[in-house]
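The values are calculated or read from the model by the stated rules, or taken from the named source; none is laboratory data. Quick caveat: nothing in here was measured; it's all calculated off a predicted structure. Heads up, the Cβs are rebuilt from the backbone with ideal geometry, glycines too, and the neighbour counts pull from every protein chain shown.
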Amino acid sequence: MKSVIWSLTILSMSALMLVSCSTNSSTSQSETKKELAKPEQAQEKLERPEQALVKPEKPERAQEKKVEAATGLSKLISHETELPPGTVLRVRLDEALSTARNRAGDTFAASLDQPVTVNGKVLLPNGTKFTGHVTTAESSGRLEGRGVLGITLDSFELNGERYPISSTLDTKTTAAHKKRNIELIGGGAGLGALIGGLAGGGKGAAIGVGAGAAAGTAGAAATGKRVVEVPAETVFTFTLKTGVKVKA
(Lines give C-alpha, C1' and ligand atoms only; values in the text may rest on other atoms or scores of the structure.)
Protein backbone atom coordinates (compact mmCIF):
# COMPACT_ATOMS: atom_id res chain seq x y z
CA MET A 1 0.00 0.00 0.00
CA LYS A 2 2.80 2.37 0.87
CA SER A 3 4.45 1.75 -2.43
CA VAL A 4 1.26 2.65 -4.28
CA ILE A 5 0.95 5.92 -2.39
CA TRP A 6 4.56 6.69 -3.04
CA SER A 7 4.12 6.02 -6.75
CA LEU A 8 1.10 8.34 -6.92
CA THR A 9 3.03 11.10 -5.17
CA ILE A 10 5.90 10.83 -7.65
CA LEU A 11 3.47 10.95 -10.59
CA SER A 12 1.72 14.04 -9.17
CA MET A 13 5.01 15.87 -8.73
CA SER A 14 6.07 14.97 -12.25
CA ALA A 15 2.78 16.30 -13.64
CA LEU A 16 3.23 19.61 -11.79
CA MET A 17 6.75 19.96 -13.12
CA LEU A 18 5.59 19.39 -16.68
CA VAL A 19 2.81 22.02 -16.36
CA SER A 20 5.26 24.55 -14.92
CA CYS A 21 7.76 23.94 -17.71
CA SER A 22 5.00 24.29 -20.31
CA THR A 23 3.88 27.66 -18.82
CA ASN A 24 7.42 29.02 -18.72
CA SER A 25 7.97 27.91 -22.28
CA SER A 26 4.80 29.68 -23.47
CA THR A 27 5.77 32.88 -21.65
CA SER A 28 9.26 32.77 -23.08
CA GLN A 29 7.94 32.20 -26.58
CA SER A 30 5.49 35.14 -26.17
CA GLU A 31 8.26 37.46 -25.03
CA THR A 32 10.46 36.26 -27.87
CA LYS A 33 7.70 37.07 -30.37
CA LYS A 34 7.34 40.54 -28.86
CA GLU A 35 11.06 41.16 -29.14
CA LEU A 36 11.01 39.99 -32.72
CA ALA A 37 8.08 42.28 -33.48
CA LYS A 38 9.83 45.40 -32.12
CA PRO A 39 12.30 45.79 -35.00
CA GLU A 40 9.41 45.52 -37.45
CA GLN A 41 7.52 48.30 -35.65
CA ALA A 42 10.64 50.44 -35.56
CA GLN A 43 11.19 49.80 -39.24
CA GLU A 44 7.59 50.76 -39.95
CA LYS A 45 8.06 54.06 -38.09
CA LEU A 46 11.23 54.76 -40.04
CA GLU A 47 9.42 54.07 -43.30
CA ARG A 48 6.60 56.48 -42.35
CA PRO A 49 8.26 59.27 -40.28
CA GLU A 50 5.61 61.88 -41.12
CA GLN A 51 2.95 59.76 -39.44
CA ALA A 52 5.14 58.99 -36.45
CA LEU A 53 6.26 62.59 -35.75
CA VAL A 54 3.54 64.94 -37.17
CA LYS A 55 -0.15 64.45 -36.85
CA PRO A 56 -2.12 65.74 -39.82
CA GLU A 57 -4.11 68.95 -39.08
CA LYS A 58 -7.82 68.90 -39.55
CA PRO A 59 -9.06 71.06 -42.46
CA GLU A 60 -11.45 72.91 -40.14
CA ARG A 61 -8.60 73.98 -37.86
CA ALA A 62 -6.47 75.13 -40.79
CA GLN A 63 -9.34 77.32 -42.00
CA GLU A 64 -9.78 78.76 -38.50
CA LYS A 65 -6.10 79.75 -38.45
CA LYS A 66 -6.46 81.54 -41.78
CA VAL A 67 -9.44 83.49 -40.47
CA GLU A 68 -7.56 84.42 -37.28
CA ALA A 69 -4.55 85.64 -39.30
CA ALA A 70 -6.76 87.74 -41.58
CA THR A 71 -8.57 89.23 -38.57
CA GLY A 72 -5.27 90.16 -36.91
CA LEU A 73 -4.03 91.85 -40.09
CA SER A 74 -7.30 93.72 -40.40
CA LYS A 75 -6.95 95.03 -36.85
CA LEU A 76 -3.43 96.27 -37.56
CA ILE A 77 -4.57 98.10 -40.68
CA SER A 78 -7.59 99.60 -38.92
CA HIS A 79 -5.30 101.28 -36.39
CA GLU A 80 -4.42 103.84 -39.07
CA THR A 81 -7.07 106.44 -39.87
CA GLU A 82 -6.68 109.02 -42.62
CA LEU A 83 -7.23 112.72 -42.21
CA PRO A 84 -8.63 113.39 -45.69
CA PRO A 85 -7.67 116.35 -47.89
CA GLY A 86 -9.87 119.33 -47.12
CA THR A 87 -9.86 118.72 -43.35
CA VAL A 88 -10.23 122.06 -41.57
CA LEU A 89 -7.65 122.86 -38.89
CA ARG A 90 -8.51 125.72 -36.56
CA VAL A 91 -5.49 126.63 -34.42
CA ARG A 92 -4.65 129.28 -31.83
CA LEU A 93 -1.19 130.90 -31.79
CA ASP A 94 1.01 130.18 -28.78
CA GLU A 95 3.09 133.30 -29.45
CA ALA A 96 2.77 136.77 -31.00
CA LEU A 97 3.85 137.45 -34.60
CA SER A 98 4.67 140.76 -36.29
CA THR A 99 5.89 142.00 -39.67
CA ALA A 100 8.25 144.28 -37.73
CA ARG A 101 10.00 141.37 -35.98
CA ASN A 102 9.38 138.23 -38.03
CA ARG A 103 10.70 137.28 -41.42
CA ALA A 104 9.74 134.59 -43.94
CA GLY A 105 10.93 131.21 -42.70
CA ASP A 106 10.53 131.94 -38.98
CA THR A 107 8.78 129.11 -37.13
CA PHE A 108 5.93 129.36 -34.64
CA ALA A 109 3.90 127.11 -32.34
CA ALA A 110 0.13 126.78 -32.16
CA SER A 111 -2.52 124.60 -30.51
CA LEU A 112 -5.63 123.06 -32.00
CA ASP A 113 -8.62 125.18 -31.02
CA GLN A 114 -11.30 122.77 -32.25
CA PRO A 115 -11.18 118.92 -32.20
CA VAL A 116 -10.98 117.14 -35.55
CA THR A 117 -13.32 114.17 -36.01
CA VAL A 118 -13.36 111.44 -38.67
CA ASN A 119 -16.42 109.18 -39.01
CA GLY A 120 -17.73 110.42 -35.68
CA LYS A 121 -14.47 109.65 -33.84
CA VAL A 122 -12.20 112.36 -32.41
CA LEU A 123 -8.86 111.88 -34.14
CA LEU A 124 -7.14 115.12 -33.11
CA PRO A 125 -8.22 116.33 -29.67
CA ASN A 126 -8.42 119.93 -28.63
CA GLY A 127 -4.95 121.24 -27.68
CA THR A 128 -3.00 119.11 -30.18
CA LYS A 129 0.35 120.85 -30.78
CA PHE A 130 1.16 122.21 -34.26
CA THR A 131 4.21 123.89 -35.72
CA GLY A 132 4.33 126.16 -38.75
CA HIS A 133 6.37 128.87 -40.41
CA VAL A 134 5.97 132.41 -41.69
CA THR A 135 5.61 132.59 -45.46
CA THR A 136 5.31 136.37 -45.85
CA ALA A 137 6.13 139.25 -43.51
CA GLU A 138 5.89 142.66 -45.18
CA SER A 139 4.88 146.02 -43.78
CA SER A 140 3.04 148.39 -46.08
CA GLY A 141 4.84 150.97 -48.22
CA ARG A 142 5.17 154.49 -46.83
CA LEU A 143 2.21 155.77 -48.77
CA GLU A 144 0.86 152.72 -50.57
CA GLY A 145 -0.01 149.06 -50.29
CA ARG A 146 -0.93 146.94 -47.30
CA GLY A 147 1.11 145.12 -44.67
CA VAL A 148 0.79 141.33 -44.98
CA LEU A 149 1.65 138.46 -42.63
CA GLY A 150 1.20 134.97 -44.07
CA ILE A 151 1.68 131.66 -42.24
CA THR A 152 1.17 127.94 -42.89
CA LEU A 153 1.25 124.71 -40.84
CA ASP A 154 4.04 122.14 -41.19
CA SER A 155 3.32 119.34 -38.69
CA PHE A 156 1.53 118.20 -35.55
CA GLU A 157 2.31 115.81 -32.69
CA LEU A 158 0.03 113.01 -31.52
CA ASN A 159 0.83 110.27 -28.99
CA GLY A 160 4.53 111.05 -29.16
CA GLU A 161 4.73 110.91 -32.96
CA ARG A 162 5.28 113.78 -35.38
CA TYR A 163 3.19 113.95 -38.56
CA PRO A 164 4.32 116.26 -41.40
CA ILE A 165 1.46 117.98 -43.21
CA SER A 166 0.84 120.34 -46.10
CA SER A 167 -1.77 123.02 -45.50
CA THR A 168 -3.14 126.14 -47.11
CA LEU A 169 -1.98 129.63 -46.13
CA ASP A 170 -3.74 132.06 -43.85
CA THR A 171 -2.95 135.77 -43.75
CA LYS A 172 -3.54 138.94 -41.79
CA THR A 173 -3.30 142.33 -43.51
CA THR A 174 -3.34 145.97 -42.52
CA ALA A 175 -5.97 148.41 -43.69
CA ALA A 176 -5.28 150.35 -46.88
CA HIS A 177 -3.92 153.89 -46.65
CA LYS A 178 -6.69 156.47 -46.75
CA LYS A 179 -6.58 159.19 -49.42
CA ARG A 180 -6.85 161.91 -46.79
CA ASN A 181 -3.73 160.64 -44.97
CA ILE A 182 -1.74 160.53 -48.23
CA GLU A 183 -2.76 164.11 -49.04
CA LEU A 184 -1.83 165.34 -45.58
CA ILE A 185 1.57 163.60 -45.61
CA GLY A 186 2.47 164.41 -49.21
CA GLY A 187 0.97 167.89 -49.22
CA GLY A 188 2.71 169.25 -46.16
CA ALA A 189 5.40 171.08 -48.16
CA GLY A 190 2.89 172.84 -50.45
CA LEU A 191 0.79 173.98 -47.55
CA GLY A 192 3.87 175.35 -45.77
CA ALA A 193 4.92 177.34 -48.87
CA LEU A 194 1.47 178.91 -49.15
CA ILE A 195 1.46 180.00 -45.52
CA GLY A 196 5.04 181.32 -45.73
CA GLY A 197 4.30 183.33 -48.91
CA LEU A 198 1.30 185.02 -47.36
CA ALA A 199 3.29 185.93 -44.27
CA GLY A 200 6.57 187.26 -45.72
CA GLY A 201 6.65 187.29 -49.51
CA GLY A 202 9.26 185.35 -51.44
CA LYS A 203 11.62 184.87 -48.53
CA GLY A 204 8.77 183.72 -46.33
CA ALA A 205 7.70 181.29 -49.01
CA ALA A 206 11.16 179.68 -49.01
CA ILE A 207 11.08 179.33 -45.26
CA GLY A 208 7.57 177.93 -45.45
CA VAL A 209 8.63 175.26 -47.95
CA GLY A 210 11.29 173.95 -45.53
CA ALA A 211 8.93 173.96 -42.61
CA GLY A 212 6.22 172.21 -44.63
CA ALA A 213 8.64 169.52 -45.82
CA ALA A 214 9.68 168.81 -42.25
CA ALA A 215 6.06 168.52 -41.22
CA GLY A 216 5.38 166.12 -44.11
CA THR A 217 8.34 163.89 -43.14
CA ALA A 218 7.18 163.73 -39.56
CA GLY A 219 3.70 162.82 -40.68
CA ALA A 220 5.07 160.01 -42.88
CA ALA A 221 7.04 158.65 -39.97
CA ALA A 222 3.92 158.66 -37.84
CA THR A 223 1.35 157.26 -40.28
CA GLY A 224 3.28 156.09 -43.38
CA LYS A 225 4.23 152.42 -42.86
CA ARG A 226 1.74 150.05 -41.37
CA VAL A 227 2.81 146.93 -39.45
CA VAL A 228 0.83 143.73 -38.97
CA GLU A 229 0.76 142.81 -35.28
CA VAL A 230 -0.79 139.44 -34.41
CA PRO A 231 -1.01 138.78 -30.64
CA ALA A 232 -0.81 135.35 -29.03
CA GLU A 233 -4.13 133.47 -28.86
CA THR A 234 -5.13 134.76 -32.31
CA VAL A 235 -7.05 132.07 -34.23
CA PHE A 236 -6.07 131.05 -37.78
CA THR A 237 -7.88 128.56 -40.00
CA PHE A 238 -6.12 126.18 -42.41
CA THR A 239 -7.14 123.32 -44.72
CA LEU A 240 -5.16 120.15 -45.42
CA LYS A 241 -3.93 119.92 -49.00
CA THR A 242 -3.14 116.19 -48.81
CA GLY A 243 -4.36 113.35 -46.64
CA VAL A 244 -2.43 112.18 -43.55
CA LYS A 245 -2.60 108.65 -42.08
CA VAL A 246 -2.70 108.80 -38.30
CA LYS A 247 -2.25 105.92 -35.86
CA ALA A 248 -5.36 105.88 -33.73
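Taking the range 107-125, which residues are without any contact (Cβ under 8 Å) to a residue 40 or more places away in the chain and small (Gly, Ala, Ser)? Result: 109, 111, 120.
Look at residue 117 and say whether it is of a type outside the set (D, E, K, R) and touching a strand residue (DSSP E or B) at 6+ places or on another chain (Cβ under 6 Å).
Working: of a type outside the set (D, E, K, R): yes; touching a strand residue (DSSP E or B) at 6+ places or on another chain (Cβ under 6 Å): no.
When the stated conditions are applied, residue 117 does not pass them.
Of the residues making up the range 82-135, those that are among the hydroxyl-bearing types (Ser, Thr, Tyr) and surrounded by 15 or more Cβ atoms within 10 Å (Cβ to Cβ) are 87, 98, 99, 111, 128, 131, 135.
If you go through the range 91-107 and keep only what is within 17 Å of residue 147 (Cα to Cα) and part of a strand (DSSP E or B), you end up with 97, 98. Of all residues in the range 54-106, exactly one satisfies the criterion of being closer than 23 Å to residue 117 by Cβ, at pLDDT 95 or above and either among the small types (Gly, Ala, Ser) or in contact with a Cys (Cβ under 9 Å, 6 or more places away or on another chain) (or both), namely 86.
Here is a yes/no grid of residues against (1) of a type in the set (D, E, K, R); (2) at pLDDT 95 or above:
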site	(1), (2)
126	no, yes
131	no, yes
142	yes, no
146	yes, no
177	no, no
182	no, no
185	no, no
209	no, no
220	no, no
